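Take a look at the structure set out below.
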Amino acid sequence: MSRLVLVLALAALATGCSRKESSGRAEEAARRDALARALSSDAGSSSAWNVSCSDEVIYADGFTLIQHDGSEGFRGRAFRWMGQRGTVRLKSHGSRPMRLFMYGWANVKALQTTPTLTAYIDGRIVGTTTPPSDTGLWGIDAIVPSGYLEGHDWVELTVTSSTIAWPWVDVPYVTVIAFNSLSWTEPP
């Protein structure tokens, strides 16, 4: 009997420790993230956080590495070029809805047309926009219903552009759709 009590006590302690441990890992990750953001801000390069991978956002196919505009190097505004289709993995928050907010710029002069950008979560449309032809600035701000997220650890965000290139031009990567920011947060 004492052996059974000892085994049950050890199992209870192990379970309790793992919860504390995973909670401790999350707290440590949050502290590291805050420190990295503070150091980045002190260095004058905080705009890269808007297009960086994180614990909740992972850029995948269809995007370039982070680039910076202007002559200021890494202190310039950060962005990623996107092809006609870009994929981003987003961490699900289970039964809670999430706010997806992203914006960028389309070079309508190079395109010689105004594209329509559409965002999908696991194949379901969550937002669409057509930038004005005079500025090319675009943005999508959408609340993703919890039903799209339940039962998944991660979901796939796919962003498409109705046009980016011309069939008679063989360009390995057309740089006409810029991604300036993406945030994935719980709505207020």
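Laboratory data are not the source of any read-out in this text; all were calculated from the coordinates shown. Values in this document were obtained by computation on a predicted structure and should not be read as measured data. Note that each Cβ is placed from the backbone with ideal geometry, even for glycine, and that neighbours are counted across all protein chains shown.
At a glance:
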quantity	calculated
Extension gain, Asp134 back to Tyr148 (0.36 nm per residue minus Cα-Cα distance, nm)	1.6 nm
Förster radius 25 Å - calculated FRET efficiency between Asp122 and Ser54 (Cβ-Cβ, nearest 0.05)	0.80
Net charge over other residues, Cβ less than 15 angstrom from the Cβ of Arg85 (K, R count +1; D, E count -1)	-1
Rounded if a/c under 1.5, otherwise prolate or oblate - the range 111-165, Cα gyration tensor axes	prolate
Viscosity 0.890 mPa s, temperature 25 °C, Stokes-Einstein D of the range 46-185 from Kirkwood C-alpha radius, µm²/s	158
